[in-house]
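Working notes, beginning with the structure itself.
The values are calculated or read from the model by the stated rules, or taken from the named source; none is laboratory data. Predicted model only: the values in this text are computed from it and were never measured. We place every Cβ from the backbone using ideal geometry, glycine too, and count neighbours over all the protein chains shown. For the accessible areas, the whole protein counts, side chains as well, though only heavy atoms, and no ligand, DNA or RNA atoms are used. Shrake-Rupley method; radii C 1.70, N 1.55, O 1.52, S 1.80 Å.
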Amino acid sequence: MAVFQLDIRPATRITGVAALYHLKKPAASGPRPNVLRVGSSARNITGRGNGLAVKKNAESNNEKPDTCTADELHYVTVSGSEWRLALWRYLPSPKAKPRNHPLLLLSGLGTNAIGFDLSPESSFARSMSNQGFDTWTLEVRGAGLSALVGDHGEGEITEILSKSNKSPSKLSETLVRLSERFLGYFDEGRNSVMACQIRDLSQKLVNIIEGQRSVAPHIFGFPDNFSTALEKLLKQLDLIEKYDWDFDHHLEDDLPAVIGYIRSECRPKDGKLLAIGHSMGGILLYALLSRCCFEGMDPGLASVITLGSSLDYTSSKSSLKLLLPVADPAKAVNVPVIPLGALLSAAHTFASRPPYVLSWLNPQISAPGMMHPELLEKLVLNNFCTVPAKLLLQLTTAFEDGGLRDRSGSFLYKDHLGKTNVPVLAIAGDQDLICPPEAVYETVKVIPKHLVTYRVFGEPSGPHYAHYDLVGGRLAVNQVYPCIINFLNQHDII
């Protein structure tokens with residue numbers, strides 16, 4: 001696997017070995033194999049993949065989790081970090097014409113791969129693979145099935161825990177561990193009044209729940225479910241200390257590692273990939289082009305498509321400005337994470353049911369009538385993850401003069417985008433409240449005119465496209481996808 005990094009670092013820090021865990025979907029019959037692949041190379045943005053040094057069978061009982069609806073699930077360990085990134089692979093349809101480049105899909109802030117594959121009838125990823133593209137969806141660190149090395153991804157936790165047996169003693173142990181974990185966030189000692197009260201409450205909860213098993217057997221299973229929920233919460237608390245990254249970590253570490261891995265797997269003749277990014281995924285692609293222009297490097301991309309993305313939101317009335325009042329307080333009190341998934345899941349109940357007190361939330365995601373209610377609910381309840389405060393804080397610089405900056409604050413990504421030689425298709429939705437058309441155009445106008453194509457989907461009398469409708473709206477397959485496929489066809493030439 002070729003692993004490369006965008007900033008200049010000593011050679012001793014940019015050379016290493018990356019372990020690649022690759023879980024393949026099985027044939028219709030027979031068990032799913034688990035293949036361990038190991039490769040090594042220097043981190044070089046211009047280099048093509050050096051291939052795989054070793055390929056051997058590993059444990060055969062480690063199956064692809066049910067949450068992954070792709071044909072294959074790959075894991076890429078990022079050199080110099082504890083994270084292994086999940087890659088959902090959709091194999092090209094044998095009925096489609098062969099393609100020259102693999103296709104990389106990048107999702108938005110705090111989202112996983114599910115948004116690109118909500119159902120067989122509403123699957124952006126599957127639509128691209130049906131056109132013959134070897135399609136790969138990245139889950140960046142902290143999202144979906146991506147996980148710490150030796151750990152399980154967020155999406156796997158529920159499945160794994162549901163298969164384990166929770167005894168009363170296990171429940172008691174979980175509550176004690178949870179209370180001790182909470183105490184770690186306070187300055188008071190373990191023998192303080194607060195500590196004693198928390199321990200006492202934990203034991204009372206155990207007694208009450210265990211009593212329910214004998215008093216009310218008709219709700220048998222509740223203690224097990226409760227313990228599972230506590231285990232999941234404890235897991236998230238343990239991960240908080242690891243949620244310590246920003247936008248530049250995705251840009252400089254995650255994205256290059258994955259591009260190098262896909263290149264080594266697919267071996268395109270010119271060493272390039274096609275790439276599509278939605279929301280923050282598109283911002284990452286813009287930032288990659290900019291950084292490579294600044295450093296005189298080849299980004300390794302044949303073309304870029306962005307959906308509802310911009311490096312500069314200053315000229316728009318983006319609803320993301322609602323995050324600005326949250327940013328400074330979060331920084332002031334040192335809040336490590338924003339539980340985006342949990343917050344949206346909780347809010348969805350009030351947004352979709354009477355008295356609809358949070359009804360303004362749904363249009364942030366989808367315009368009225370553009371998504372089936374069940375798919376919208378699946379998206380909200382399953383697509384969003386926990387976000388580090390550092391990541392959110394860096395993204396808020398997109399609302400400052402000059403647009404998004406690197407973590408030092410001295411590098412403005414928009415300043416160097418005008419030097420790119422990569423063709424770009426920038427797509428906006430007419431009712432995208434998160435990234436309005438004027439925000440998309442703010443970045444488009446700095447790209448050389450002969451290289452950029454700008455499209456806004458939606459009509460004054462309808463239909464309308466909000467932020468996610470560009471990917472999974474009911475009309476996107478007939479209106480947006482053909483535009484995307486046509487652009488990919490134009491630039492899938494060697």
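Some points to look at:
- Complete set of residues in the range 377-431 that are touching a residue at least 12 places away in the same chain (Cβ under 8 Å) and polar (S, T, N, Q): ASN382, ASN383, THR386, GLN394, THR396, THR397, THR420, ASN421, GLN431
- Flag if VAL471 is within 26 Å of LEU273 (Cβ to Cβ), in contact with a Phe, Trp or Tyr (Cβ under 6 Å, 6 or more places away or on another chain) and crowded, with 17+ Cβ neighbours inside 10 Å: yes
- Scanning the range 257-278 for residues that are within 20 Å of the chain's Cα centre (by Cα), within 18 Å of HIS491 (Cα to Cα) and of a type in the set (Gly, Ala, Ser) yields ALA275, GLY277.
- Residue that is farthest from ARG455 (Cα to Cα) [pool: residues in the range 285-314 that are buried (at least 24 other Cβ atoms within 10 Å of the Cβ) and among the β-branched types (Val, Ile, Thr)]: VAL304
- Here ASN421 fulfils each of the conditions (1) part of a helix (DSSP H, G or I); (2) of a type in the set (S, T, N, Q); (3) touching a Leu at 6+ places or on another chain (Cβ under 9 Å) apart from (1).
- Residue in the range 143-152 that is small (Gly, Ala, Ser), within 23 Å of VAL380 (Cα to Cα), open to solvent by less than 60 Å² (accessible area, probe 1.4 Å) and modelled with pLDDT of 95 or more present: no
- The range 446-494: number of residues that are among the charged types (D, E, K, R) and more than 25 Å from the chain's Cα centre (by Cα): 3
- Checking each residue in the range 361-374 for being assigned to a helix (DSSP H, G or I) and open to solvent by 40 Å² or more (accessible area, probe 1.4 Å) picks out PRO363, PRO373, GLU374.
- In the range 453-468, the qualifying residues are those that are closer than 20 Å to MET280 by Cα and either acidic (Asp, Glu) or without any contact (Cβ under 8 Å) to a residue 60 or more places away in the chain (or both), and the one that is most open to solvent (accessible area, probe 1.4 Å) is ARG455.
- Number of the condition not met by VAL477 [criteria: (1) surrounded by fewer than 19 Cβ atoms within 10 Å (Cβ to Cβ); (2) farther than 16 Å from GLY369 by Cβ]: (2)
- Selection of the range 273-311 for residues being in contact with a His (Cβ under 6 Å, 6 or more places away or on another chain) and part of a loop (DSSP other than H, G, I, E, B) yields only GLY308.
- When the range 92-113 is limited to residues that are open to solvent by less than 30 Å² (accessible area, probe 1.4 Å), in contact with a strand residue (DSSP E or B) (Cβ under 7 Å, 6 or more places away or on another chain) and assigned to a loop (DSSP other than H, G, I, E, B), the one that is nearest to VAL387 (Cα to Cα) turns out to be GLY110.
- You will find that of PHE487, PHE411, the residue that is open to solvent by less than 30 Å² (accessible area, probe 1.4 Å) and in contact with a Pro (Cβ under 9 Å, 6 or more places away or on another chain) is PHE487 and no other.
- Within the range 271-284, the only residue that satisfies the criterion of being open to solvent by 10 Å² or more (accessible area, probe 1.4 Å) and touching a Lys or Arg at 6+ places or on another chain (Cβ under 9 Å) is LYS272.
- So TYR481, is it at pLDDT 95 or above, out of contact with any Pro (no Cβ under 7 Å at 6 or more places or on another chain), under 16 Å from SER310 (Cβ atoms) and not hydrophobic (A, V, I, L, M, F, W, C): no
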